[in-house]
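Step one of this worksheet: look at the structure below.
Any read-out appearing in this document is the output of simple, stated calculations on the displayed coordinates, not a laboratory observation. The model shown is predicted, which means the values in this text are computed figures rather than measured ones. Every residue, glycine as well, gets a Cβ built from its backbone with ideal geometry; the counts of neighbours run over all protein chains shown.
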Amino acid sequence: MTVFLIIQFVFSVCVASFGLVIWFKNSIIPGVTVNSIAVGGLTPDRAVNLLQKSSNWPNADSILILTDPDGKSWNIKCKDIPKEKIAAWFCEILLNVKIFDIVKILKETNLDNILPSLIPQYSKMNDAIHNVVDILYKSGKENLTFDEIGYYLDGKEKNEVAQRKYGENHSKFASLLDLTSISAPNNVNHITLSVLGNAYRELPNEKRESIVARLAFRITIIQHIFVNALGKKIIISDYMHGLSEQTRKRRKPNVSDLINFIKKHSSAEMKGIYDQIKEKR
């Protein structure tokens, strides 16, 4: 099977709509040398469209220099690369990036403010990172509503209001990770698999979870907690701005759970950071 190996590629794609810009250098994928990759700010759809139209490139029609395993290389237009292929390639890139490197780069980045609406709330992480994605794909529909997601996730036992809230919380968390997108035509929320979500869906659970540990750094509260823990002790609740006391109590366990999830996928060099993150004073 012919495999395209990217040896020079400057590309903006979505890991952090909230200000995260990551530069990967040198060899990341075995057999692939990536001289410069910018990751941040855009969904895959918007990034591809931007690259097709951008006047910032010396030659917007000849962005990529590709080579096959035999060493033959040629230029190819970005618009000729299917979005699905770019998203699948992007998943492979993420799997080879150390979390510690993401934190170090975030430290040099101007972080966005933490907004209450962007602090995740969920009951079961697996429902957000696995089941929402699988349900959207297996439904065969272009999109589903919060009610439908809640019904399929939580069964028939709960009432409609509880089902809707359950579907909303887990769909929104999946959206914060850019695995889904949410729109509201006619004031009805529709959840759709993102381009990235489709590529992610094809991976085994172990790789999915490793990617989620990295996509979590799209979430502003996670960015702030980890960056500040590089140099001092931090208290998680101090970063839950704009929430009532009751809402803070409900969401704090989710933030702690997400931090512990990231920890499982971190290298030993992250130990000093986790030692600085505290539940309470």
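Selection of region 188-209 for residues being over 22 Å from residue 257 (Cα atoms) and either part of a loop (DSSP other than H, G, I, E, B) or free of Cβ contacts under 8 Å to residues at least 24 places away in the same chain (or both) yields 188, 189, 194, 202, 203. For region 222-237, filtered to residues that are more than 16 Å from residue 104 (Cα to Cα) and in contact with a helix residue (DSSP H, G or I) (Cβ under 9 Å, 6 or more places away or on another chain), the residue that is surrounded by the fewest Cβ atoms within 10 Å (Cβ to Cβ) is 233.
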